[in-house]
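Report on the structure given below.
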Amino acid sequence: MGGSGTRAYNLAKGLLTNGIKVTVISGFPHYPTGNISKKYRQKAFVIEYFDKIKVLRTFIPPLESKGFTRRLFLFISFIISSIFPISLVGKIDGVIASNPHILSIFPSILYGFVHKCPIILNVDDLFPEVLYDLDMMKSKVLRKIGELIAKLAYSVADFITPISPAYIETIVNKYSINKSKVDFIPSGVDLILFPPAVPVINKVDEFKVLYIGTFSPAYDFDQVLRAAKLLEGEDKIRMCLQGAGEMAPVIRNNIKKLNLENVDLVEKIILRDEVAKVLMDADVLLLPLSGLENYEKGISSKLYEYQAASKPIICCSGGMSGRYISDTGSGIVVRPGDYEGLSKAVLYLRDNRDVADKLGASGRKYAENNLSIEKIGLKMMTALNYVCTCKSK
């Protein structure tokens, strides 16, 4: 679960469809709750296969991804354990460092050195800048250390692939990185999981507005609940928040505090193959960003799956995610924190189903034309070929 896992999976599958043999080194499934199933416990690593992708799963302590200290401990644990299967990967031509953040560069350096191959650093989030947004790194000393690690990671990588064009400015200007080795590659979406939508005529049952994903401080669930309060008198409108994460208890308490009967909190992690059905059963899909500066520089990969589901999107964003939705004509953009604007957007889409259908169709068309995993895999393969050629000279 989580954007980074989805992006890594789509990237691996996209490379595979372009004839690249892929081995993934990943931690035991644990995010965000820390619950690790019995099949992985008391083992150093496990070898599995998914869609012809070899996956070497390594030890991760059973800790919830909550707070700076726990997250850092989880990251360091994976950095160490990800080195265990270095002798099992066979011959490799390139390494893609994906997650955790820029810290994945450390085991990647070792793999690159042993196999004498280039490293591509995929930037999912700006680190340590996103920690500043969440007040997780207040110490000037820690900030300095974090930025030194970022500088090292960007400098050591042979090529850098940020998931948002807005990241490029920070990477190039703040860390003095040559722009020629940085290129924006979106995460893409597996369209096979999302069959084209079948129009529903004269739908009379409830109007469902859905958020699905991690309950993280990067999202403003208070805005969603306040909007739901304004919509209490509207017949058949339901807000659904589905997922897991550290904000779940806060959301649960606020639902009780506001006495909301039109909000469903579903604390359940579902399989990747089930996500499409859940999204396509909704009428509107919601991305309620908190408006944090560095998070707003990113484009949430959740939006790509929302578009693939052929549903209109309400995007609470003042940054790149909002701009992306406007540019692709796939939804309505609301300012972060504007719960009145959010409630009005819900009512507008409920009362104008033809507009909602057009927005959903526009998003689907854009995803088909630009975001298939085959096309994203081809872009990454081109980057791999480029760095391998440069490395051999």
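Remarks
- Centroid-to-centroid separation of region 35-67 and region 284-343 [C-alpha atoms, Å]: 32 Å
- Taking 75, 113, 59 as the candidate residues, the one with maximal mean-square fluctuation in a Gaussian network model of the chain, Cα springs under 10 Å, is 113.
- Count, lysine Cα pairs under 15 Å in region 240-387, 8 or more residues apart or across chains: 7
- FRET efficiency, residue 352 to residue 193 (Cβ-Cβ, R0 25 Å, nearest 0.05): 0.30
- The chain shape via C-alpha gyration tensor axes, a/c threshold 1.5: prolate
- Residues whose amide H comes within less than 5 Å of that of residue 316, counting only those at least five positions distant or on another chain, are 287, 289, 334 (H built at 1.01 Å from N in the peptide plane).
- Gaussian network model of the chain, springs between alpha carbon atoms under 10 Å - residue of 322, 19, 188 with greatest fluctuation: 19
- The chain - share of DSSP beta bridges that are antiparallel (%, nearest 5): 15 percent
- Loop trypsin sites (Lys or Arg not before Pro), region 138-200, which have at most 16 other Cβ atoms in a 10 Å radius of their Cβ (DSSP): 138
- Residue 323/residue 52 FRET efficiency (R0 35 Å; Cβ-Cβ; nearest 0.05): 0.45
- Of the DSSP H helices in the chain, those whose Cα atoms cover at least 20 Å axially and whose Kyte score averages -1.0 or more: 3-17, 67-81, 140-156, 373-392
- From its DSSP helices (H runs of at least four residues, each -39,500 (n - 2.57)), the chain gives a residue-normalised ellipticity at 222 nm of -13000 deg cm²/dmol.
- Projecting label points 7 angstrom from Cα along Cα→Cβ for residue 258 and residue 41 puts them 3.8 nm apart.
- With both residues required to sit in region 171-294, DSSP beta bridges show an antiparallel share near 5%.
- Here each label is just a point 7 Å from Cα along the line to Cβ, and for residue 174 and residue 293 those points are 0.8 nm apart.
- A DSSP coil position with no more than 15 other Cβ atoms inside 10 Å describes the following GluC sites (Glu not before Pro) in region 248-302: 261, 293.
- Cα-based shape type of region 150-270, given that a ≥ b ≥ c are square roots of the gyration tensor eigenvalues and the cut on a/c is 1.5: prolate
- Gain in span if fully extended, residue 250 to residue 151, counting 0.36 nm per residue against the direct Cα distance: 32.1 nm
- What the phi angles of region 36-51 give under the Karplus curve with 6.51, -1.76 and 1.60, with θ = phi - 60°, is a coupling list of 10, 5, 4, 5, 9, 5, 6, 10, 6, 7, 9, 9, 9, 10, 10, 6 Hz, glycine and proline written as x.
- Equivalent ellipsoid dimensions for region 1-147 as semi-axes, Å, which come from the Cα gyration tensor, largest first: 25, 19, 15
- Sum of side-chain charges, residue 58 neighbourhood, beta-carbon under 12 Å (Lys, Arg +1; Asp, Glu -1): +1
- Under a model in which nothing but the beta-carbon of Lys, Arg (+1) and Asp, Glu (-1) is charged, the chain shows a dipole of about 1380 debye around its Cα centre.
- For the peptides 117-125, 103-111, the ranking by packing is 117-125, 103-111, with the highest mean count of neighbouring Cβ atoms within 10 Å listed first.
- Projecting the Cα atoms of 26, 166, 280 onto the charge dipole of the chain (Cβ charges, centred on the Cα centre) puts 26 farthest toward the positive pole.
- GNM flexibility winner over the chain from 367, 276, 97 (Cα, springs under 10 Å): 276
- Full-stretch length increase - residue 93, residue 340 - with 0.36 nm per residue and alpha-carbon distance subtracted: 83.6 nm
- For region 90-136, averaging the sequence separation of C-alpha pairs within contact (under 8 Å, six or more residues apart) and dividing by the residue count gives a relative contact order of 43 percent.
- Taking 0.36 nm per residue of sequence separation and removing the Cα-Cα distance, the residue 21/residue 278 pair yields an extension gain of 89.4 nm.
- Placing a pseudo-label 7 Å from each Cα along the Cα-to-Cβ vector at residue 86 and residue 369 gives an inter-label distance of 4.7 nm.
- Debye, to nearest 20: dipole size of region 45-85, +1 on Lys, Arg Cβ, -1 on Asp, Glu Cβ: 80 debye
- Loop-resident GluC sites (Glu not before Pro) (DSSP state other than H, G, I, E or B) in region 100-202 with no more than 15 further Cβ atoms inside 10 Å of their Cβ are absent.
- Label zone of residue 388 (point 7 Å out along Cα→Cβ, amide N under 16 Å): in region 142-167 this covers 158-159.
- Counting DSSP beta bridges with both ends in region 46-139, the antiparallel % (nearest 5): 60 percent
- Relative contact order (percent, whole number), region 25-80, Cα cutoff 8 Å, 6+ residue spacing: 37 percent
- Measuring nothing but how far apart in sequence close Cα pairs (under 8 Å, 6+ apart) lie, relative to its length, the chain scores a relative contact order of 17 percent.
Computed from the coordinates by the stated procedures, all read-outs in this text should not be read as laboratory data. None of the values given here were measured: they were computed from a predicted structure. Neighbour counts are summed over all protein chains in view; Cβ atoms, including those assigned to glycine, are modelled from backbone coordinates with ideal geometry.
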